[in-house]
């Protein structure tokens, strides 16, 4: 389904027309299209975390999301996170970001024996399960 969307010349508003009954796949496609449109708009999403009540924006949170990690060429790392509303999101981290995350988790995570694998269900290939 193609949703007609037009971003204003100043990139501060979007006009869209939608009258449809959507299944889960079509709704996911619409959310992805809206996300792409938002990325083109002004102001951009801030790099810093908003303070509570600062912007009025809602930040979806989810406990215990599915997570999968995969090494990439050049020492980079891909981290897949599954949101119950947005689906799988993939983030590619630089070696510096990867090291910072490693150090943070090492310093702040309690010592336990992991019961799940971050590497694609133990296969090591980092491919998220379907």
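The values are calculated or read from the model by the stated rules, or taken from the named source; none is laboratory data. None of the values given here were measured: they were computed from a predicted structure. Cβ atoms come from the backbone with ideal geometry, glycine included; neighbour counts cover every protein chain shown.
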Next item on the list: Within region 97-117, work out how many residues are modelled with pLDDT of 75 or more and part of a loop (DSSP other than H, G, I, E, B).
Entry: 4
Check: When you look at residue 15, is it assigned to a helix (DSSP H, G or I) and farther than 29 Å from residue 119 by Cα, yes or no?
Finding: no
Next item on the list: Return yes when residue 121 is at pLDDT below 95, on the phi > 0 side of the Ramachandran plot and touching a strand residue (DSSP E or B) at 6+ places or on another chain (Cβ under 6 Å) and no when it is not.
Entry: no
Next item on the list: Go through region 10-46 and count every residue that is under 23 Å from residue 88 (Cα atoms) and modelled with pLDDT under 90.
Entry: 2
Next item on the list: Using the structure shown, decide if residue 79 is surrounded by 12 or more Cβ atoms within 10 Å (Cβ to Cβ), closer than 24 Å to residue 32 by Cβ, in contact with a helix residue (DSSP H, G or I) (Cβ under 9 Å, 6 or more places away or on another chain) and touching a residue at least 24 places away in the same chain (Cβ under 8 Å).
Entry: no
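Report whether or not residue 49 is loosely packed, with under 11 Cβ neighbours inside 10 Å and not in a strand (DSSP E or B).
yes
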Next item on the list: Scan region 66-94 for residues that are in contact with a strand residue (DSSP E or B) (Cβ under 8 Å, 6 or more places away or on another chain) and more than 30 Å from residue 25 (Cβ to Cβ) and jot them down.
Entry: 71, 76
